[in-house]
Every structure is written in structure tokens, then in C-alpha cells.
Amino acid sequence: MLGDSTAYGVGADKPEESLAGRVAAYAGMTYVENRASSGAVTKDLRGQIEAATLERYDVILIQIGGNDIIQFHNPKRSADELELALRALPKAEKVVILSAGDVGGATLFPSPITWIHSWLNKKYHLSFTHAVARAGVGEYINLGLSPSTQIITNEPEIYLAADGLHPSSAGYGLWFEEVVPRL
């Protein structure tokens, strides 16, 4: 696991209800290395990759971009950082990359900011789609186009954690359903 607080599992009631926990259980993994950290932005991925302990992994799951959006980073620059990071990954059977579904759907922020975050989120999805294709590594899941994003936005009391930003255990369950077909 590489990335930000969503890759780490912030908001889940228990570690096994995070996306990492669900993927590990589904795939029957006996070893999970989670290098993700709260607050991480795309440029932090390379440091997380350098901390990897193995030369080859079965699955590398990357969740990144939400903090870049919250901090109003340039989507193209973040996508360039993502591409560089993807090129530096150790070998893996599967690489799956996710960005934030819709930061604008988070209840933490007031309305004018949410509109900007939603607009910026769309720019990120487009930039990240191109970055993953250029790197030729992994599969990008555009959560912005996913039905799960609309479900989370429509029912935040169920699918968002109490902080109004991160997915709840139920929200991670929706994201897991997006990841399973790619494993």
C-alpha cells in the first residue's frame, strides 16, 4: 500500500475494514506492507517506494491525490510526480492506482470550496489517467466516474467517517468493490 490517509485506512472502524485490509483478506495475503501516511501528496510516493523492503510484490495498491486536491496543487504537476513514481515501482503482478472519488463531496468543507474541489477532482482524474497510460504501469480506477462516488455523496452519514472527509468502513467497502475485478 502506498499513498495517503485513505491508503492507510483512516476512517475505517477496524484495520480489516480499510481497503488494504479487505484486499489482503480477499487475496489471502500473509504479508502486507503499508507505506502510506496521512497527509501524503503525490510527490511523497517516491519516498514511500524507496522504503519498500521487497524487490517484487504480488499487488501494489496506490491511493493518492486527495491531499493534492485539498491543497489546490496543480493537476499536471501531480500527474508528472505520479508518472515518475510509477516508473520507480518494484516489480509487481498487479498495480492498481486510485485517486479521490470526489473531494467536493466531503462534508468537511463549506459549499464554495466543495465546488472548487469537485472541479479540480475532475482535472486530477484526467491528468492521472494520462500519467498511468504514459508510465505503462498499472491500471487506474477513476473513482470520479464510479457509482460509488455518487452513493458516498448522497449518503455521507453512512459512507463517510465522522471527520466528514475519509470514507467510513462502509465507504471503503464500496471502493473495494471497484478494486476486486482488477485483482
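The values are calculated or read from the model by the stated rules, or taken from the named source; none is laboratory data. This is a predicted model, so every value here is computed, not measured. Cβ: placed from backbone, ideal geometry, glycine included. Neighbour counts: every protein chain shown. Each accessible area value is taken on the protein alone, full model and side chains, heavy atoms only, with ligands, DNA and RNA left out. Shrake-Rupley method; radii C 1.70, N 1.55, O 1.52, S 1.80 Å.
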Identify which of I113, I69, I60 has the largest mean-square fluctuation in a Gaussian network model of the chain, with springs joining Cα atoms closer than 10 Å.
I113
Rank E139, E50 by accessible area, highest first, at a 1.4 Å probe radius?
E50, E139
Report the charge-dipole magnitude of the chain in Debye, nearest 20, computed about the Cα centre from +1 at each Lys and Arg Cβ and -1 at each Asp and Glu Cβ.
580 debye
Using a 1.4 Å probe, how large is the accessible area of Y8, given in Å² and rounded to the nearest 10?
130 Å²
Suppose a student asked you for the relative contact order of the range 80-183, using Cα pairs under 8 Å spaced at least 6 residues apart; what percent would you report?
31 percent
Within the chain, which DSSP H helices have Cα atoms that stretch 24 Å or more along the helix axis and a mean Kyte-Doolittle hydropathy of at least -0.5?
111-135
Apportionment of accessible area to carbon and sulfur, the chain, percent (1.4 Å)
55 percent
Evaluate the relative contact order of the chain (contact order divided by residue number), counting alpha-carbon pairs under 8 angstrom at least 6 apart; express in whole percent.
25 percent
What do you reckon, how do E155, E33 stack up by accessible area (1.4 Å probe), largest on top?
E155, E33
Quote the accessible area belonging to S111 in square angstrom, nearest 10, computed with a 1.4 Å probe and with ligands, DNA and RNA left uncounted.
70 Å²
How far apart, in nm, are two points set 7 Å out from the Cα along the Cα-to-Cβ line at R134 and at N154?
3.6 nm
When you have a sec, figure out the Kirkwood radius of the range 99-149 from all distinct Cα pair distances and drop it here in Å to one decimal?
11.5 Å
Probe 1.4 Å, all protein chains in place: accessible area of K91 in Å², nearest 10?
150 Å²
Over what distance in Å are the Cα centres of the range 2-38 and the range 106-163 separated?
19 Å
Any idea what log10 I(q)/I(0) is at q = 0.13, 0.15 Å⁻¹ for the chain, Debye with uniform C-alpha scatterers and no solvent?
-0.58, -0.79
